[in-house]
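Colleague: The structure's right below; bear with me while I get my questions together.
The values are calculated or read from the model by the stated rules, or taken from the named source; none is laboratory data. Keep in mind that what you see is a predicted model, and the values were worked out from it rather than measured. Here Cβ is always computed from backbone atoms with ideal geometry, including for glycine, and neighbour counts include all displayed protein chains. In case anyone asks, the SASA skips ligands and DNA or RNA and just uses the protein heavy atoms, side chains included. Shrake-Rupley method; radii C 1.70, N 1.55, O 1.52, S 1.80 Å.
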Amino acid sequence: MAAPATNDDIYRVLSTALDTAFYRGAYEDLRGAPIDPVTHYAQTGWREGRDPAAWFSTSHYLSVHEDVAQSGVNPFYHYLTSGLGEGRDIVRSASADRYLFDVRTRSTAWAFETGAPPGATVTQAAPGDVVAPITASERALIAANFDVAFYLGANADVAASGQNPLEHFLATGWRERRDPTSSFSFNDYMELNPDVAGSRMNPYVHYLVAGRAEGRAAKHGLGFRYDVIAKLRSMEDRLLDAKRFASAVRADRPAALARALSTSRSGLRDLHLTFSHDNYATNVGGLQFCLQREGERIAALGRDHLHVFPSVPWPTVREQSPPTLGVLWNGELVGHFPPAAVSASLRAALSDVLPGERSFAIHNLLGHAAQDVLDIVGATGLSRGFFWIHDFASLCDGFHLMRNDVADCGAPPPESNACSICVYGPLRRRQIEVHERLFDALSLTAVAPSQAALDTWRAGWSFPTEAQLVLPHARLVERAAPKATTGDGPLRVAYLGIPTPYKGWPIFRDLALRFASDKRYVFVHLAKDTVGGLPIEHHPVSVTAEHPYAMRDAIETLEIDAAMVWSLCRETFSFTAYEAVAAGAAVLTNPDSGNVALFVGAGGRGLVVPNETVLTNMFETGAICELARTQRRPALYDLALSGLTVDLLTEPLR
């Protein structure tokens, strides 16, 4: 007889499939309540008849399965660990329709309208295709091997729709090549087995019935880099998409911009002008966070702030003017205007104003044409300003400097063989030339957030600059010794932020899968959203202008021992590395991670591990456990955030 499940076991299983948004939204008394939905359902929610997801009814499951009711086991835990494989009956939550209606009315249920996540590519059987029917025995076999938590986590539209995930998979999911478990890939299996691809049989049925016994691989086993390259899109295709989206943007009347400029903090005397690749007020990321902070510091000085960005994200710089540019005035969106209208409106507004403290900073040039930037800067009467090296877009349209998005390239000469085999190579020379035009026409001080970033930038190309500076986005200020830890528990290893390949998510995920049953480790994901169906503990964290230290505080509260900041690209700074160290966690990184490797190696703040093989071996042997807080007893730090360009404005620029 299996040992009774512990509370930790139940929590981990429930956390992979319980829909926290549904759980809070379906019950009025829980909306805004300071609870962890998983803990609440595990301890009291199921006893109160509450449902963990739109597709599962707690009361129905207990009423039709008396053995479960009599056992006293949590019904959702039972279904996920046993009932699904046994083919037990479930029905939709009684609260689903009301909740989903509420979600619809808040205009967030895109899944209802599209049936697939934005940008998803689905391949369905063509009309008239003859598809082999699934028999009752095959259905039972699929149910026994189907991973409901993984399926829901990988398919947000299914989770939002309230459908039974198994029924969705059997009806349409497999035809759309949605994977039933993390260990099986439809695309890989059909690529490896052309006979199956041409049979019109459900590939997963084939694998379970015959392929597995025949020794056929469920996945190609070539690693995530192969998958990235297989899905790599040409720059031509990316530009076509951007052009299509841009065609839908309608220009606002220039009078709206003129009216906005007439409402000023300083009578237009003191003005700060910035450029970037998007609207920093509505988008999330490190660069956007920096611009928000710069805007706040500018406001504190009583100066006006005009921010200009391409109306639609664009993957390269432009040779010709875009149809429109978005404009923020003192943090508020004014509208979208032709570039000539922006420079003309600004020149007209400033024409009769005696200039005071004026400045400009270019944070990112993607989506901009050099002449537009020169015209808008010229309207302010300025020629000296700052160029920030947040990334390497001035060296290549592949601004992470990753050849085909999988390997560090180090910005070789544009005519090199290395560039000739890279998807970004054909446009790289143009990218540099557009930036060169700005550096030739203006007196720019290049500012990097780290020495590692500045060294890479200098080596990649020689732009004429007035000066070159390093100004870190944050500094560590020693705060206190950490509070006493709870003892010799498992090593808590965390991934911080959005799960993407170039940040090392596949490596973290594979470690979590490989060591899922190893009691020495607990794997944690700290981010707003996570990927379901994995043996990873998720805690929602969102860093915002209002809560800039949310990640640091979560790492400290959860007593994370080690944070994997395994960036495959040259990070110019990395807030997550600083947040981890400030909270007492050690950082695990690799030699290609740019400033992360320099920051960790120079200060003894973790480990710079040579490669993934060595990293995995450290988990196998347990050597990684030397990073436990109880052994390191690290100091804690405050993060002193910089004001970016504001820190450099010691005198008026002309």
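Colleague: Please give the per residue accessible area of the chain, computed with a probe of 1.4 Å over protein heavy atoms only, in Å².
Modeller: Using a 1.4 Å probe on heavy atoms only, each residue of the chain averages 44 Å².
Colleague: Carbon-plus-sulfur fraction of the accessible area of the range 284-334, 1.4 Å probe, in percent?
Modeller: C and S fraction of accessible area: 52 percent.
Colleague: Could I ask something else about it? Can you tell me the dipole magnitude for the range 473-631 around its Cα centre, using point charges on the Cβ only (Lys, Arg +1; Asp, Glu -1), in Debye to the nearest 20?
Modeller: Value, rounded to 20: 120 debye.
Colleague: Taking 0.36 nm per residue of separation and subtracting the Cα-Cα distance, what length does fully extending residue 353 through residue 480 add?
Modeller: Result for the pair: 40.7 nm of gain on full extension.
Colleague: Something else: At 222 nm, what helix-only mean residue ellipticity would the chain give, in deg cm²/dmol to the nearest 500, using -39500 (n - 2.57) for each DSSP H run of four or more?
Modeller: -9500 deg cm²/dmol
Colleague: Report, for the chain, the % of DSSP beta bridges that are antiparallel, rounded to 5.
Modeller: So the antiparallel bridges in the chain amount to around 30 percent.
Colleague: Another question, if that's okay. Using a simple spin-label model with points 7 Å from Cα along the Cα→Cβ vector, what separation in nm is obtained for residue 443 and residue 48?
Modeller: My value for the distance between the label points is 6.7 nm.
Colleague: Just add up the charged neighbours of residue 272: K/R +1, D/E -1, any other residue whose Cβ is under 10 Å from the Cβ of residue 272.
Modeller: -1
Colleague: What is the dipole size for the chain, taken about its Cα centre, with +1 at each Lys and Arg Cβ and -1 at each Asp and Glu Cβ, in debye to the nearest 20?
Modeller: The calculated dipole for the chain is roughly 780 debye.
Colleague: Out of these labelled values of volume of the Cα convex hull per residue in Å³, (i) 230; (ii) 183; (iii) 167, which was calculated from the coordinates shown here?
Modeller: (ii)
Colleague: Return one number: the angle in degrees, 0 to 90 and rounded to the nearest 10, between the long axis of the Cα atoms of helix 235-246 and the longest principal axis of the Cα atoms of the chain.
Modeller: For helix 235-246, the angle is close to 80 degrees.
Colleague: Right, something else. Let me check I've understood the local charge: for residue 15, count other residues with C-beta under 10 angstrom from its C-beta, Lys and Arg +1, Asp and Glu -1. What total comes out?
Modeller: -1
Colleague: Another question about this same structure. Hey, if you put +1 on the Cβ of every Lys and Arg and -1 on every Asp and Glu Cβ in the chain, which of 172, 323, 641 ends up farthest toward the positive end of that dipole?
Modeller: Farthest towards the positive pole: 323.
Colleague: Starting from a Cα-only point model with no solvent, please compute log10 I(q)/I(0) by Debye for the range 1-97 at q = 0.21, 0.24 1/Å.
Modeller: Relative scattering, expressed as log10 I(q)/I(0), comes to -1.08, -1.40.
Colleague: What is the gain in length, in nm to one decimal, between residue 249 and residue 199 on full extension, counting 0.36 nm per residue of separation less the C-alpha to C-alpha distance?
Modeller: Separation in residues times 0.36 nm, less the Cα-Cα distance, equals 13.5 nm.
Colleague: Which angle between 0 and 90 degrees, to the nearest 10, do you get for helix 136-145 versus the longest principal axis of the chain when only C-alpha atoms count?
Modeller: Once rounded, one gets 60 degrees.
Colleague: Give the Rg (one decimal place) followed by the Dmax (whole number) of the range 329-415, computed from C-alpha coordinates and expressed in Å.
Modeller: 16.9, 53
Colleague: Over the chain, what is the relative contact order in percent, taking alpha-carbon pairs closer than 8 angstrom and at least six residues apart?
Modeller: After rounding, I find 11 percent.
Colleague: Show which lysines lie in cross-link reach of residue 528 when reach means a straight Cα distance below 27 angstrom and same-chain residues fewer than eight apart are skipped.
Modeller: Counting by Cα, and skipping residues close in sequence, residue 528 has these lysines nearby: 231, 483, 503, 519.
Colleague: Provide the FRET efficiency to the nearest 0.05 for the residue 66-residue 29 pair, computing r from the beta carbons and using R0 = 30 Å.
Modeller: So, using R0 = 30 Å, E works out to roughly 0.55.
Colleague: Specify the longest stretch of the chain that does not include any exposed loop site, a site being one of the GluC sites (Glu not before Pro) with a non-H, G, I, E, B DSSP assignment and at most 15 other Cβ atoms within 10 Å.
Modeller: Counting at most 15 other Cβ atoms within 10 Å as exposed, the longest clean stretch of the chain is 87-213.
Colleague: Can you check what the net charge comes to around residue 441, using other residues whose Cβ is under 12 Å from the Cβ of residue 441 (Lys, Arg +1; Asp, Glu -1)?
Modeller: Once positives and negatives cancel, what remains is -1.
Colleague: Relative to the longest principal Cα axis of the chain, at what angle does helix 451-460 sit, 0 to 90 degrees, rounded to 10?
Modeller: Long axis of 451-460 versus the principal axis of the chain: about 70 degrees.
Colleague: If you don't mind, another one. Would you list 59, 264 from the most to the least accessible area, probe 1.4 Å?
Modeller: Descending order: 59, 264.
Colleague: Here's another thing I want to ask about it. Return, ordered by residue number, the residues of the range 281-313 whose backbone nitrogen is under 16 Å from a label point located 7 Å along Cα→Cβ of residue 263.
Modeller: 304-307
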